[in-house]
2 protein chains.
Amino acid sequence: MTEAYKKLEARFHRMSVLSGIGGMLHWDMAVIMPDGGADARSEQLATLSVLENELINAPDLGDLISSAESERLDDWQQANLAEMKRAWVHGTAVPVDLVEKMSRAETRCEVAWRKARADNDFKGLLPHLQEVLDLSIEAGKAKAEALGTSVYDALLDQYDPMMRSDRIDSLFAELESFLPDFTADVIERQKSEDKPVKPTGPFAVETQNRIGLDLMKAVGFDFDHGRLDISHHPFCGGIPEDVRLTTRYDENDFTSAIMGVLHETGHAMYERGLPADWQNQPVGKARGMTMHESQSLLVEMQACRSEEFLTYAGPVFKEAFGGDSAAWGAANLHRLYTRVEPGLIRVDADEVTYPAHVILRYRLERALIEGDMKLVDLPGAWNELMQKLLGIVPEDDRNGCMQDIHWPSGAWGYFPTYTLGAMAAAQIFAAAKESNPEIPNALSRGDFAPLMGWLRANIHSQASSKSTDAILQAATGKPLGVDAFRTHLENRYGQ
Amino acid sequence: MTEAYKKLEARFHRMSVLSGIGGMLHWDMAVIMPDGGADARSEQLATLSVLENELINAPDLGDLISSAESERLDDWQQANLAEMKRAWVHGTAVPVDLVEKMSRAETRCEVAWRKARADNDFKGLLPHLQEVLDLSIEAGKAKAEALGTSVYDALLDQYDPMMRSDRIDSLFAELESFLPDFTADVIERQKSEDKPVKPTGPFAVETQNRIGLDLMKAVGFDFDHGRLDISHHPFCGGIPEDVRLTTRYDENDFTSAIMGVLHETGHAMYERGLPADWQNQPVGKARGMTMHESQSLLVEMQACRSEEFLTYAGPVFKEAFGGDSAAWGAANLHRLYTRVEPGLIRVDADEVTYPAHVILRYRLERALIEGDMKLVDLPGAWNELMQKLLGIVPEDDRNGCMQDIHWPSGAWGYFPTYTLGAMAAAQIFAAAKESNPEIPNALSRGDFAPLMGWLRANIHSQASSKSTDAILQAATGKPLGVDAFRTHLENRYGQ
């Protein structure tokens, strides 16, 4: 008998459909909606949240989970039940009125952040950010008690289930043991080399769009189950059966749109590759943000900045945009796309200096959450650590501690997943190539099928049936580690 | 104390938000969604329906309504409570399993209809349509018992609240007393006149789109709260705060898109003009399909096919499309847009012959619902009545009894609202002009503000606070009647 379990499946199915509806409405808001629709849309999204919240807080849900735990379930059902329990613990740990308070404070703080960033006014942001921080700590404490973790780990667990900060500490320490010297060496060497030739624009938006669509097709994106549109901040939204990607175009820079599209396509392939049999069940969802980011970075950074792929892409770009042929050679594009330079802005960073941006934010947010630092001291601490890790200091907070939306929107514990994802991407790509040595050759013909076939079998189809580490263990022979990422950087950027 | 009433407001508010979400998802399905998203979308829409159904069937809702009826409420609150009760009666009269059966049968029948119509195969449609008819009668009986009406009136009440078939019988009898002779006279006279010059295409889609947007602005459409897009079947969707219009373009015929846009803009102005204070409450909704159709036909047929408006529009068209100038004169356009000719297809009919199409369907669907006719006899009965009312007979059922989606989709009782709406449009437009004689002059300058101001005050803002007849009584001095429509036809088409 699996009576309780079946009841749970029905409940979580409904929550998932509601959350999918929210995904469609979010996409519409970012891509299509006229400004005047904002209030009504907020209310629609809030109503969906309230309904989901009512479902997860149903008074009998805990008992159903307990009953289901003594039912005879197969492996995936057991994993599903475990994910249900995780969702239930997260969803019920924080009192409803605190959830509402947070939501309102975060919305207020996001609005204040947009203005404060434009005005370079950290003081103006401070009271709003303090409110969000205080409420996040309060919610983190409630979750920490329910999960039996530290407060920071409880927040982290929302984005990367089962990841803990002691693990991150040791992974990041390993990165820090070689990255500073390595980065300095690469920069020094690149200085002595010829500068890559930059293709000259303008690059017509229509052409960029067409190439983006062609490359999405090459990667394997199924346009019967998804779209590409334009939004201010590119994202991968919608639902696995109808994946909505967005990008934005800059007539003077075709790389940002094309690489952005490829990045989001990596996310989309993961969503589309989740097991259809477990659609709308917790176990059928993506494993977390580390795994998600690994899939986007695998496509963008590992596959599409490889010399093999650029051998294919160079002529495609050349035919589309014309102009100086020297710029479109694979070797030149590769040098262009592997240029290393410390900068102030995380989202513009290359893959060698990116980890420093993340390590900085990870240290600061932990100190803030754990009460070891006051928010008023953030700008100073930011600049000090920036100097230490990247050797540069922002002239203002706009390009310093106010550059990201994460903290104002309450996403504490999110930043580490970017670099954990980059490490996982390297590890997975190396294992895929080892398992199928044809993958690089295929990429040089614009053929992603061997890579995607392997990813579908080993990563995407695993969904949330195991932890990130267990999926990596099965797929690559090891839990998440630094080695493959280091080897990747050495191969690509070393002598 | 208004405790029960306030509880009801909260419940119905939630239902309305869910229904608005459904509106956005329907729009997306028709305009944006890739085909492969269809299954997931069906499930999203079904989930929203189930949630709404659960809310209206909440076991305490009837008691809350009874309690609220003895609370002290102001006029609008009382009207709101009456609308809540109406929604509750409709929503609870039919058992949930019958609702589900109907929904499935209708979906199957729509699919069968698309194929059967293409294949001109009424026999193939018959079993599916029979199933839909039988279930509609079963549901109609349940509603009839709850409402204390006949079965057909219970179905009619879904689309035009409080309208009854004896009323329609007498209104349609009045139409039939003059329309056949009048139509014959008009056709005879138009034969003796010069044929209007047809503007020659092709008409670039982009230009049609630009003119459509300009005319929407002229009518008063607020693009901060709405959009115009493309779909196979034009419609007005979304929610009042974010009205989503669609049209389709034909390079060889600019009139269909432009007049279609103006028609849908009439619907949109009504939605946008509903009272913001009663947003998301039953009383704040549009009064029904007769009133809705009156607003689209008022803009399209009354205002935009008037010689005054065409005086403005002619030069606009001419500048946009160029070509033969004779075609763009107001008098020529007016003759072109007032051409009367009996045809087989309802949606292509002019406003003089349109009522015959509706009367035909009204008689046949009543006979089917009331058991006076068998479905197998529909094609013969259709053709016979077509001969009698319009003097022509379709060569096949594709252009006869299978042309409309209404019956296959279970919308019995809907057709009369088209002609009731046309009558209401004439009556309202006449009253508006009488109240403000500047309206026609303003239209000749492309200025809809005087007309829309009057409509907003007298029609849109009334929402569902009164019956259609009571709104018309207050706005025009009379309940719904044939006189104004007859006068309109005589003025426009007579000697």
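State all residues of segment B:137-152 that are under 16 Å from B:Trp412 (Cα atoms) and without any contact (Cβ under 8 Å) to a residue 24 or more places away in the chain; if no residue qualifies, say none. Spell out how you get there, then give the answer.
Start the filter on segment B:137-152 by keeping residues that are under 16 Å from B:Trp412 (Cα atoms), which leaves B:137-144, B:149-152.
Once the filter is applied, which keeps residues that are under 16 Å from B:Trp412 (Cα atoms) and without any contact (Cβ under 8 Å) to a residue 24 or more places away in the chain, segment B:137-152 yields B:Lys141, B:Ala144, B:Thr149.
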| query | Which one of A:Ala474, A:Ala449, A:Ala411, A:Ala426 is among the aliphatic types (A, V, I, L, M), under 16 Å from the mean Cα position of the chain (by Cα) and surrounded by fewer than 24 Cβ atoms within 10 Å (Cβ to Cβ)? | reply | A:Ala411
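When you look at B:Ala146, is it assigned to a helix (DSSP H, G or I) and open to solvent by less than 20 Å² (accessible area, probe 1.4 Å), yes or no? Write out each step before concluding.
On the way: assigned to a helix (DSSP H, G or I): yes; open to solvent by less than 20 Å² (accessible area, probe 1.4 Å): no.
Against the criterion (assigned to a helix (DSSP H, G or I) and open to solvent by less than 20 Å² (accessible area, probe 1.4 Å)), B:Ala146 does not qualify.
Here's a check for you: in segment A:261-301, which residue that is among the hydrophobic types (A, V, I, L, M, F, W, C) and over 17 Å from the mean Cα position of the chain (by Cα) is nearest to A:Arg248 (Cα to Cα)?
Step one: list which residues in segment A:261-301 are among the hydrophobic types (A, V, I, L, M, F, W, C), which gives A:261-262, A:268-269, A:274, A:276, A:278, A:283, A:286, A:289, A:291, A:297-299, A:301.
Restricting the remaining residues to those that are over 17 Å from the mean Cα position of the chain (by Cα) gives A:276, A:278, A:283.
On the way: A:Ala276: 30, A:Trp278: 33, A:Val283: 33 Å.
Checking each candidate, the answer is A:Ala276.
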| remark: In segment B:262-320, anything open to solvent by less than 10 Å² (accessible area, probe 1.4 Å) and of a type in the set (D, E, K, R) is listed as B:Arg287
| The lone exception for B:Leu378 - which of (1) open to solvent by less than 40 Å² (accessible area, probe 1.4 Å); (2) within 17 Å of B:Leu126 (Cα to Cα); (3) assigned to a loop (DSSP other than H, G, I, E, B) it fails | (3)
| request: Identify, by number, the condition in (1) among the aliphatic types (A, V, I, L, M); (2) outside any loop (DSSP other than H, G, I, E, B); (3) open to solvent by less than 40 Å² (accessible area, probe 1.4 Å) that B:Met163 doesn't meet. | output: (2)
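I need the full set of residues from segment B:363-418 which are hydroxyl-bearing (Ser, Thr, Tyr) and within 20 Å of B:Phe172 (Cα to Cα), in order please. Can you show your working first?
Keep residues of segment B:363-418 that are hydroxyl-bearing (Ser, Thr, Tyr), which gives B:409, B:414, B:417-418.
Passing the criteria: B:Tyr414, B:Thr417, B:Tyr418.
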| query | Within segment A:226-235, can you find the residues that are open to solvent by 20 Å² or more (accessible area, probe 1.4 Å) and under 11 Å from A:Leu245 (Cα atoms)? | reply | A:Arg227, A:Leu228, A:Asp229, A:Ile230, A:His233, A:Pro234, A:Phe235
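Within segment A:394-417, how many residues turn out to be over 16 Å from A:Val358 (Cβ atoms) and either out of contact with any Gly (no Cβ under 8 Å at 6 or more places or on another chain) or in a helix (DSSP H, G or I) (or both)? Working first, answer last.
Narrowing segment A:394-417 to residues over 16 Å from A:Val358 (Cβ atoms): A:394-399, A:402, A:408-410.
With either out of contact with any Gly (no Cβ under 8 Å at 6 or more places or on another chain) or in a helix (DSSP H, G or I) (or both) added as a condition, the list becomes A:395-399, A:402, A:408-410.
Total satisfying the criteria: 9.
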| Every pair of residues 6+ apart whose Cβ atoms lie under 8 Å, when the first sits in segment A:205-226 and is free of Cβ contacts under 8 Å to residues at least 60 places away in the same chain while the second is of a type in the set (S, T, N, Q) | A:Gly212/A:Thr247; A:Met216/A:Thr265; A:Phe221/A:Thr265
| How about segment A:171-183: which of its residues are without any contact (Cβ under 8 Å) to a residue 12 or more places away in the chain and farther than 13 Å from A:Tyr362 by Cβ? | A:Ser177, A:Asp181
| field | Filtered residues of segment B:14-46 (kept if more than 25 Å from B:Gly226 (Cα to Cα) and open to solvent by 20 Å² or more (accessible area, probe 1.4 Å)) | value | B:Asp39, B:Glu43, B:Ala46
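Which residues, counting only those in segment B:206-239, are part of a strand (DSSP E or B) and out of contact with any Pro (no Cβ under 7 Å at 6 or more places or on another chain)? Give the derivation first.
Initially, segment B:206-239 is screened for residues part of a strand (DSSP E or B), giving B:226-230, B:236-239.
Listed by number, the residues that qualify are B:Leu228, B:Asp229, B:Ile230, B:Cys236, B:Gly237, B:Gly238, B:Ile239.
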| For the subset of segment A:240-260 comprising residues that are part of a loop (DSSP other than H, G, I, E, B) and within 14 Å of chain B (Cβ to nearest Cβ), which member is surrounded by the most Cβ atoms within 10 Å (Cβ to Cβ)? | A:Pro240
| remark: When segment B:16-70 is checked residue by residue, the ones that are within 11 Å of another protein chain (Cβ to nearest Cβ), within 22 Å of the chain's Cα centre (by Cα) and not aliphatic (A, V, I, L, M) are B:Ser16, B:Ser19, B:Gly20, B:Gly22, B:Gly23, B:Trp27, B:Asp28
| query | Are there any pairs, at least 6 apart or on different chains, whose C-beta atoms fall under 7 Å, with the first in segment A:272-291 and at pLDDT below 95 and the second assigned to a helix (DSSP H, G or I) and open to solvent by less than 10 Å² (accessible area, probe 1.4 Å), and if so, which? | reply | none
| message | Need pairs with beta-carbon distance below 7 Å; first residue of a type in the set (Val, Ile, Thr) and within segment A:314-330, second at pLDDT 95 or above; sequence gap 6+ or separate chains. | response | A:Val316/A:Ile211
| query | Looking at this structure, is B:Leu420 in contact with a Leu (Cβ under 9 Å, 6 or more places away or on another chain), outside any helix (DSSP H, G or I) and either under 27 Å from B:Leu344 (Cα atoms) or in contact (Cβ under 8 Å) with a residue 60 or more places away in the chain (or both)? | reply | no
| Could you say which residue among B:Leu64, B:Leu73 is out of contact with any Lys or Arg (no Cβ under 9 Å at 6 or more places or on another chain) and either surrounded by fewer than 18 Cβ atoms within 10 Å (Cβ to Cβ) or over 20 Å from A:His26 (Cβ atoms) (or both)? | B:Leu73
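I need the full set of residues from segment B:423-447 which are part of a loop (DSSP other than H, G, I, E, B), of a type outside the set (Lys, Arg) and in contact with a Phe, Trp or Tyr (Cβ under 9 Å, 6 or more places away or on another chain), in order please.
B:Asn436, B:Gly446, B:Asp447
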| message | When you check A:Val96 against the structure, is it open to solvent by 60 Å² or more (accessible area, probe 1.4 Å), under 29 Å from the mean Cα position of the chain (by Cα) and more than 10 Å from chain B (Cβ to nearest Cβ), yes or no? | response | yes
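Looking at segment A:191-211, is at least one residue over 21 Å from A:Phe485 (Cα atoms), surrounded by 20 or more Cβ atoms within 10 Å (Cβ to Cβ) and within 14 Å of chain B (Cβ to nearest Cβ)? Walk me through how you get there before you give the answer.
Taking segment A:191-211 as the starting set, the residues that turn out to be over 21 Å from A:Phe485 (Cα atoms) are A:191-211.
Filter once more, so that each one left must be surrounded by 20 or more Cβ atoms within 10 Å (Cβ to Cβ): A:199, A:203, A:208, A:211.
If we keep only those that are within 14 Å of chain B (Cβ to nearest Cβ) as well, we get none.
Checked against the condition, which is being over 21 Å from A:Phe485 (Cα atoms), surrounded by 20 or more Cβ atoms within 10 Å (Cβ to Cβ) and within 14 Å of chain B (Cβ to nearest Cβ), segment A:191-211 yields no hits at all.
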| In the set A:Lys191, A:Lys195, which member is closer than 30 Å to A:Gly322 by Cα, among the charged types (D, E, K, R), assigned to a helix (DSSP H, G or I) and modelled with pLDDT under 95? | A:Lys191
| task | Of the conditions (1) open to solvent by less than 30 Å² (accessible area, probe 1.4 Å); (2) part of a helix (DSSP H, G or I), A:Val340 clears all except one; give me its number. | result | (2)
| field | Subset of segment B:348-358 (residues that are touching a residue at least 12 places away in the same chain (Cβ under 8 Å), open to solvent by 10 Å² or more (accessible area, probe 1.4 Å) and in a helix (DSSP H, G or I)) | value | B:Tyr354, B:Ala356
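The values are calculated or read from the model by the stated rules, or taken from the named source; none is laboratory data. What you see is a predicted model; the values in this text were computed from it and never measured. For neighbour counting, all protein chains shown are included, and Cβ atoms are generated from backbone atoms with ideal geometry for every residue, glycine included. Just the protein is used for accessible areas: all its heavy atoms, side chains included, with ligands, DNA and RNA removed. Shrake-Rupley method; radii C 1.70, N 1.55, O 1.52, S 1.80 Å.
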